[in-house]
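To keep things clear, I will list the structure first and then write my remarks on it.
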Amino acid sequence: MERSHNGAVDAAGVGTNLGLLVLGRVIHALASNERVPYRDSTLTRLMQTCLGGNAVTQMLACIAPTTRDMDISLQTLNYATSARDVRLTVSSVSVVDEIDDDPMVGDFEDIDTDLNRRAIWIETVYGDVFARCVGNSADPLLLYVHGSGPLNSSMMWNHLELDIERIAKERGGSNLPTRFFNVAIDCPGYGRSPGNRQIIRTYPGGLISSVITALGRKSAAALIGSSQGACAVFNCALEFPAFAHTLAVCHPVGHAPQRYDKIWQPSLLIFDVEDAGHPVEVGRQMRRYLQDPRYFEFARSVDGDWECQHMGEEMVALLAGSWQNIKKKRKGGQRDDRLPELTRVAGGFKSWNEPHNGEWGAWCGIGEGAADPEPLQSSDDADAWRAELDPGTNMMVYRHVRTGRCTKVRPRGQRIVVDKLTTAGASAPGAAPSDVTSGIAAGTACFTPTPAEPALFESSDDEDSEVEEQRRDQQAREATDLAEREFAQDACDLCRAVLVEPLRLAGCRCALCACCMERTVRYTRQCPACGEGVDVDGKVPAQAVGTEEWLERLRMRNSTPELDAQQDYLLQLQLARTRVTRILLEYGSVSKSDGSKTSYTSFVRVVSVAGASASVKSIIEKVDFNINPGYSKPTATSKEPKNKQLGYAFEYAMARSYPCWMTIHFQGALGLPKVLLEFDVQERPKVARRIVIQLPSNEKGGFRASDTISFDAALPRNAWIRCAGTGGRQADVEYLPEPGADDTSAHYAAPGPVFAHMPGVVRETKSSATARGRSSGGAGSVAGSSSRGPSGQRHRSTSRPSRPSSRSSNDN
């Protein structure tokens with residue numbers, strides 16, 4: 001060392017000696033099976049992979065032949081001897097085969113720069129959502145939502161997007177943009193989007209609004225949907241009305257279309273009258289309740305694929321007619337520079353144009369100029385991977401068709417070819433590319449086995465059990481949360497007042513106070529808070545199970561002024577029941593298919609009579625049915641309850657729903673007025689509501705035979721009709737809360753000595769002049785009345801009674 005460094009002590013010499021010293025320690029540790037100090041010097045840290053057993057390492061020991069270097073030569077030989085005693089354990093090296101996850105690998109951009117067809121990922125609060133796009137992102141947004149079929153995806157809209165772009169380019173100008181940004185999403189769990197398929201059903205408004213916001217917008221110029229996607233579009237318009245300017249649906253489904261009367265957006269609806277899965281009756285109800293519908297019906301056997309030929313044209317016409325209003329609100333669906341665009345590239349024209357894992361192809365729209373998917377040709381073989389079963393590990397591997405490159409990780413975004421399993425359990429690794437592509441249909445990315453052959457990919461029992469366990473855990477958490485909320489509940493679900501002698505209904509689990517029970521469920525057998533039917537235990541509504549602790553907690557409450565007022569009010573209601581006669585009527589309609597028409601049966605029946613000696617059969621004299629209210633002569637009259645289930649009934653078949661006004665004539669000894677039910681038959685299998693007619697006990701009404709009470713039943717609802725006793729010709733009509741129709745909370749009014757007003761109701765007080773109603777043409781003092789406007793819709797003005805001061809502390 002002295003000779004090599006000219007006898008000088010410098011950093012290089014020190015570093016060399018230090019490295020050799022630590023290397024000697026490492027070799028000694030390896031030979032003695034002790035902890036190896038690799039990190040004590042730079043030299044041994046660099047040589048760690050060479051000395052650790054994963055490499056073949058050779059050491060050359062150099063000695064001098066002269067006697068003066070004998071000491072150094074002896075040290076060198078001892079050093080080499082210790083190294084020779086090292087015994088290493090060979091370990092396999094894990095080789096990671098990296099896959100290029102660039103989404104444009106094997107893909108290319110659209111040669112038509114105006115259309116710019118491509119695929120993107122949209123980052124929403126519900127996870128990443130795959131979408132196919134047409135157009136420039138700076139143009140107004142048109143958002144498409146597909147149906148719930150197992151193979152439905154955004155690809156179904158490809159042709160319609162091209163139709164709209166072509167027609168807008170031809171007709172665009174001052175009243176319509178010439179271009180739009182068309183975005184068709186794969187709902188979570190469908191197509192290429194990961195996630196739970198129930199998201200679009202459970203949170204339609206949240207998902208759609210999240211997509212619009214992630215695209216950097218405050219609204220969409222139009223929301224377009226099909227089937228279940230149409231239902232999601234309508235629900236989004238109800239939940240977030242500001243996010244959509246127009247709506248367009250094809251073959252929609254919907255729940256409770258009467259809710260759609262709050263949808264103000266211009267709406268395009270297209271129905272196939274021969275499509276039993278999407279009944280046209282639902283569409284006709286939608287047309288009835290929507291404020292601004294454009295409605296079309298067609299028969300596929302006669303008109304062909306009418307929606308494919310005309311939906312794009314009608315959609316552009318809808319936008320053109322509303323564009324002057326659209327562009328003034330929330331940027332008319334255009335980009336808002338203050339909002340970030342949370343998207344990233346998912347592919348080019350190939351990803352937009354080709355189906356994935358058996359997706360259904362484009363069906364809606366003519367698609368002029370659209371490039372149809374092409375089968376896998378020999379020129380595309382370089383982009384294909386073959387899925388094989390490794391017989392050694394019984395695991396799936398993926399082999400590149402051209403290069404032979406093999407990986408255990410499924411290549412993301414690449415075309416996968418699956419062959420049938422051979423008898424040996426794996427496909428021949430040397431199969432030619434032509435053999436690979438021979439069984440692939442146009443645009444298909446996987447092989448679908450016949451029923452006689454087992455599927456190549458199946459979820460294991462472990463995966464199924466894990467999913468099932470997660471589902472059970474989720475259900476257990478939801479049940480626990482529900483139980484905690486129910487245990488802590490102190491207010492009635494209807495009137496929001498403090499609960500007194502409550503009942504939690506067994507079916508819907510709504511909690512009602514005894515006051516609300518006395519006025520509603522006792523007679524209607526329908527929950528006034530949610531509208532569901534009530535389970536009855538004998539003649540009493542059934543109490544839900546698991547409510548003992550909750551009831552015990554409520555019984556242990558301290559007395560408060562509000563609780564005392566509720567109990568006093570309940571006593572008045574119960575006392576009033578013992579001093580009156582109450583006749584319970586049920587009315588409604590039943591519908592069933594009758595060829596090309598629908599048979600509707602309108603009915604009225606007496607359910608019960610309480611507080612009088614009269615029997616059920618001696619209450620009604622006759623019922624007139626009139627399907628043409630413009631004429632006074634009834635269409636039919638029923639003098640006996642010939643139908644055992646429905647009572648007084650009238651059946652008539654028609655291709656659409658129609659008004660059927662029913663006039664109930666009571667026996668003259670009762671002194672009751674006629675009741676005119678202004679009823680429209682419903683297109684549901686059965687609709688029934690109840691009316692309680694009340695008059696003082698042991699007295700008959702003071703009405704004349706010509707007096708008539710008009711009852712607004714176009715939207716069927718439960719109600720009370722209270723009639724004065726002898727000498728009085730005044731009637732009090734109260735409509736009970738109807739879920740989906742009333743948007744106000746229920747409030748109680750102070751009951752009189754005999755009559756108790758219903759909380760949160762429309763109240764009509766009719767004098768004797770008013771009672772004659774339509775028969776005599778009289779007019780009187782009406783606190784709430786109804787009439788038909790020019791459009792045929794009913795308009796109701798209401799007067800709600802104020803709440804007494806002793807109960808105002810809980811007035812919500």
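The values are calculated or read from the model by the stated rules, or taken from the named source; none is laboratory data. Treat the numbers as computed from the prediction; the structure is a model and nothing was measured. Cβ coordinates were reconstructed from backbone atoms using ideal geometry, including for glycine residues, and neighbour counts include every protein chain displayed. Accessible surface areas use protein heavy atoms only, side chains included; no ligands, DNA or RNA. Shrake-Rupley method; radii C 1.70, N 1.55, O 1.52, S 1.80 Å.
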Residue under evaluation Gln694, criteria (1) assigned to a loop (DSSP other than H, G, I, E, B); (2) open to solvent by less than 10 Å² (accessible area, probe 1.4 Å), criterion not met: (1)
Taking interchain pairs and intrachain pairs at least six residues apart, which have beta carbon atoms under 9 angstrom, with the first residue in segment 697-711 and closer than 9 Å to Lys674 by Cα and among the charged types (D, E, K, R) and the second outside any loop (DSSP other than H, G, I, E, B) and modelled with pLDDT of 75 or more? Asp707/Lys674; Asp707/Ala731
Only one of His251, His255 is modelled with pLDDT under 90 and buried (at least 21 other Cβ atoms within 10 Å of the Cβ), namely His251
What are the residues in segment 138-159 that are more than 16 Å from the chain's Cα centre (by Cα) and either of a type in the set (Phe, Trp, Tyr) or on the phi > 0 side of the Ramachandran plot (or both), if any? Trp157
What are the residues in segment 467-493 that are surrounded by 15 or more Cβ atoms within 10 Å (Cβ to Cβ) and either part of a helix (DSSP H, G or I) or of a type in the set (D, E, K, R) (or both), if any? Glu486, Asp493
Selection count, segment 235-286, where residues are in a helix (DSSP H, G or I) and more than 17 Å from Met311 (Cβ to Cβ): 18
Any idea how many residues of segment 637-660 are buried (at least 20 other Cβ atoms within 10 Å of the Cβ) and touching a Ser or Thr at 6+ places or on another chain (Cβ under 9 Å)? 6
With respect to Pro634, determine if the residue is under 41 Å from the mean Cα position of the chain (by Cα), within 27 Å of Cys723 (Cα to Cα), touching a residue at least 24 places away in the same chain (Cβ under 8 Å) and open to solvent by 40 Å² or more (accessible area, probe 1.4 Å). no
May I ask you to verify whether Val590 is open to solvent by 10 Å² or more (accessible area, probe 1.4 Å), at pLDDT 90 or above and either in contact with a Lys or Arg (Cβ under 7 Å, 6 or more places away or on another chain) or aromatic (Phe, Trp, Tyr) (or both)? yes
Please give the number of the condition Thr76 fails out of (1) open to solvent by 80 Å² or more (accessible area, probe 1.4 Å); (2) within 18 Å of Arg25 (Cβ to Cβ). (1)
Restricted to segment 140-155 and to residues being of a type in the set (A, V, I, L, M, F, W, C) and farther than 18 Å from Leu247 by Cα, the residue most open to solvent (accessible area, probe 1.4 Å) is Leu151
Kindly establish whether Glu281 is surrounded by fewer than 19 Cβ atoms within 10 Å (Cβ to Cβ) and touching an Asp or Glu at 6+ places or on another chain (Cβ under 7 Å). yes
One residue is enough: does segment 385-398 have a residue meeting the conditions under 19 Å from Asp107 (Cα atoms), at pLDDT 70 or above, among the small types (Gly, Ala, Ser) and open to solvent by less than 20 Å² (accessible area, probe 1.4 Å)? no
Reported set for segment 593-615 where residues are hydroxyl-bearing (Ser, Thr, Tyr) and either at pLDDT below 85 or open to solvent by 40 Å² or more (accessible area, probe 1.4 Å) (or both) is Ser593, Ser596, Ser608, Ser613, Ser615
Wholly enclosed helices (runs of 4 or more DSSP H) of segment 1-56 bearing at least 3 residues open to solvent by less than 90 Å² (accessible area, probe 1.4 Å), at pLDDT 85 or above and out of contact with any strand residue (DSSP E or B) (no Cβ under 7 Å at 6 or more places or on another chain): 11-32
Criterion: assigned to a loop (DSSP other than H, G, I, E, B) and open to solvent by 40 Å² or more (accessible area, probe 1.4 Å) - qualifying residue of His356, His310: His356
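Here's the yes/no breakdown for (1) open to solvent by less than 70 Å² (accessible area, probe 1.4 Å); (2) closer than 30 Å to Val273 by Cβ; (3) among the β-branched types (Val, Ile, Thr); (4) in contact with a Phe, Trp or Tyr (Cβ under 8 Å, 6 or more places away or on another chain):
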| residue | (1), (2), (3), (4) |
| --- | --- |
| Arg300 | no, yes, no, yes |
| Gly304 | yes, yes, no, no |
| Glu314 | yes, yes, no, yes |
| Ala317 | yes, yes, no, no |
| Ala320 | yes, yes, no, no |
| Asn325 | no, no, no, no |
| Gln334 | no, no, no, no |
| Arg344 | no, no, no, yes |
| Phe349 | yes, no, no, yes |
Hey, Gly173 open to solvent by less than 30 Å² (accessible area, probe 1.4 Å), small (Gly, Ala, Ser) and farther than 16 Å from Asn353 by Cα or not: no
For residues that are free of Cβ contacts under 8 Å to residues at least 40 places away in the same chain, charged (D, E, K, R) and open to solvent by less than 50 Å² (accessible area, probe 1.4 Å), tally how many sit in segment 494-519. 0
